[in-house]
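To keep things clear, I will list the structure first and then write my remarks on it.
Read the figures in this text as sums done on the coordinates, not as results from a lab. This one's a predicted model, so the numbers in the text were calculated from it and none came from an experiment. When we count neighbours, we look across all protein chains shown, and the Cβ atoms used for this are built from the backbone with ideal geometry, even at glycine.
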């Protein structure tokens, strides 16, 4: 095997072969892939390097920024509150966050936030990246913002704002930031090494994010510059976020619940396993069957106003569709910029995750996880 460590049940040897093939083809720098069946790990693999110079090996405890795969964790936090009777997804956001009601937002519900239907994907005023590190300022700006479309009538990917919107509702209800709540109520009970807001002591084991080169972007047909006046340009470019920003201490310390979760395939899979197995795992109950069924029921399937292609949404979770196949027909989870994925398949009672530091050029079309996933399902 090429540059691959970890364990893999013999039945799933094809997963290891497919994972190793990406390294052999030069498509990876460092990555991990893990999968469970019926709550038990059958694959837990890693390999490559944690830096572009390939001087630091990717180790068993290496973690990395997973960008929007973080949204699955933030959505789960909301559903834990639903399960506990503390959050009503059909209530106006202003019930929990009174200041939010300004500028035609009094009728926006928590459901709209979770389904990217609130119309708050972008900010009109220009801001530097540093606003993302200031929770109070960012949530105040969103509370004062006016929707870009009539809430509830369409869906447009809230790439960064999703985490502050859902997260502030969590904070108002619990008195804890979403990262702290996730740590206390989900990560710690499950023993999942996933963090929304990273302690400085963990920096030594964080892999550097490596953005795609100009040649790679061109080969993928990705425009060098997104029109800054388009909704996509305003959503992704204000505040500006680049792959390199994820390597800065300020990014790691902040809580950005849509984009700066740090983990590896093992930790992401551990959380998604609880969802694949009915909402709990090893005596830890996160959500019940009714809450989980509601969370994964289709809320929207159609063209995304920001991304420009069809998306199928549950309550905060991406749902499998013909254009975005995540495994089985009822599989759900989330993907992240550059290629990371965390998925639960309740029909097969399978969970899997792919986490890497070498980013692909676009938000879709990255096939590196496809080989291991195909081999995983072929072996079931």
Counting only DSSP beta bridges with both residues in region 4-378, tell me the antiparallel percent, nearest 5.
95 percent
Given that just one value was derived from the coordinates, which of (i) 155; (ii) 121; (iii) 278 is volume of the Cα convex hull per residue in Å³?
(ii)
For the chain, find the longest principal axis of its Cα atoms and tell me its angle to the long axis of helix 70-83, 0 to 90°, nearest 10.
60 degrees
Taking Cα pairs closer than 8 Å and at least 6 residues apart, the relative contact order of the chain in percent is 25 percent
With the calculation restricted to Cα positions, what are the radius of gyration and Dmax of region 203-307 in angstrom?
18.4, 50
Springs between alpha-carbon pairs under 10 angstrom, Gaussian network model over the chain: which of 11, 266, 183 fluctuates most?
11
Give me the angle, in degrees from 0 to 90, between the Cα long axis of helix 135-144 and the longest principal axis of the Cα atoms of the chain, rounded to the nearest 10.
50 degrees
With Cα atoms, 0 to 90° folded angle of helix 13-24 axis to the chain main axis:
80 degrees
Residue 377-residue 285 FRET efficiency (beta carbon distance; Förster radius 45 Å; 0.05 resolution)
0.95
Each label sits 7 Å from Cα toward the beta-carbon; between residue 217 and residue 84 the label points are separated, in nm, by 4.2 nm
Region 1-110 shape via C-alpha gyration tensor axes, a/c threshold 1.5:
prolate
Where does the chain land at 222 nm, in deg cm²/dmol rounded to the nearest 500, when only DSSP H runs of n ≥ 4 count, each adding -39500 (n - 2.57), divided by all residues?
-8000 deg cm²/dmol
Out of 275, 87, 114, any idea which swings most in a Gaussian network model of the chain, alpha carbons joined below 10 Å?
87
For the chain, set up a GNM with springs between Cα atoms under 10 Å and report which of 100, 194, 162 has the largest fluctuation.
100
